[in-house]
Amino acid sequence: MTDSRRQRRIWYAVGGVLVVAFLAYGTTSFKSNLTPYVSFEEASRSARKVQVAGGLVENSTEYLDATEELQFAMVDEGGNTLTVHYSGVKPGNFEEAVQIVAVGSFHEGVFHAEQLLVKCPSKYQGLEDDIREYGSET
């Protein structure tokens, strides 16, 4: 076997090892960044980071400006409630939220959110009836 053939085989082997290493790294990174949506009950049993979604319970919001600590209660479609604690600036449209998604983990009876996603009512929500009325023949 000539030196150039041997050298080429070594480069192919090194390249193959690098491709496998990058694929393994990418797969583990992808899996560690997945945060599944779970129910409130599942969140209370899980030790990993998850996402929970629900509505804001009226008059449950407590926010301390000095420490930027937010605590509130969420309610799911089944009527179950979950206390959520968040450290950070309260979203400006928080009280008008149609739905809140909290990303975090459950500790000592409270869901500790690392991130809050707030879905606000659409500015087009009330337009559907107006459009039908305008387009109707009566």
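Test Glu62 against the stated conditions and say whether it is under 16 Å from the mean Cα position of the chain (by Cα), closer than 26 Å to Thr83 by Cβ and modelled with pLDDT of 85 or more. Spelling it out, it is not the case that Glu62 is under 16 Å from the mean Cα position of the chain (by Cα), closer than 26 Å to Thr83 by Cβ and modelled with pLDDT of 85 or more. Answer with yes or no whether Gly135 is loosely packed, with under 14 Cβ neighbours inside 10 Å, under 23 Å from Asn59 (Cα atoms) and at pLDDT below 90. It is false that Gly135 is loosely packed, with under 14 Cβ neighbours inside 10 Å, under 23 Å from Asn59 (Cα atoms) and at pLDDT below 90.
Put simply, of Val103, Val84, Val98, Val110 the only residue that is in contact with a Pro (Cβ under 8 Å, 6 or more places away or on another chain) and on the phi < 0 side of the Ramachandran plot is Val98.
Number of residues in segment 70-88 that are more than 17 Å from His107 (Cα to Cα) and either buried (at least 17 other Cβ atoms within 10 Å of the Cβ) or within 17 Å of the chain's Cα centre (by Cα) (or both): the value is 3. Residues in segment 60-69 that are without any contact (Cβ under 8 Å) to a residue 24 or more places away in the chain and not in a loop (DSSP other than H, G, I, E, B) were compared, and the one that is surrounded by the most Cβ atoms within 10 Å (Cβ to Cβ) is Glu69. Write out, first by first residue and then by second, each pair whose Cβ atoms fall under 9 Å of each other, whose residues are 6+ apart or on separate chains, and whose first residue, in segment 94-109, is in the same structural domain as Val75 (by TED's automatic domain parsing) while the second is in a strand (DSSP E or B) and of a type in the set (Asp, Glu). Matching pairs, first to second residue: Ala102/Glu114; Val103/Glu114; Gly104/Glu114; Ser105/Glu114. Selection of segment 49-59 for residues being free of Cβ contacts under 8 Å to residues at least 60 places away in the same chain and surrounded by 12 or more Cβ atoms within 10 Å (Cβ to Cβ) yields Val50, Gln51, Val52, Ala53, Gly54, Gly55, Leu56, Val57.
The values are calculated or read from the model by the stated rules, or taken from the named source; none is laboratory data. Note that the structure is a prediction, hence the values are computed from the model and not measured. Glycine also receives a Cβ, built like all others from the backbone with ideal geometry; neighbour counts cover every protein chain displayed.
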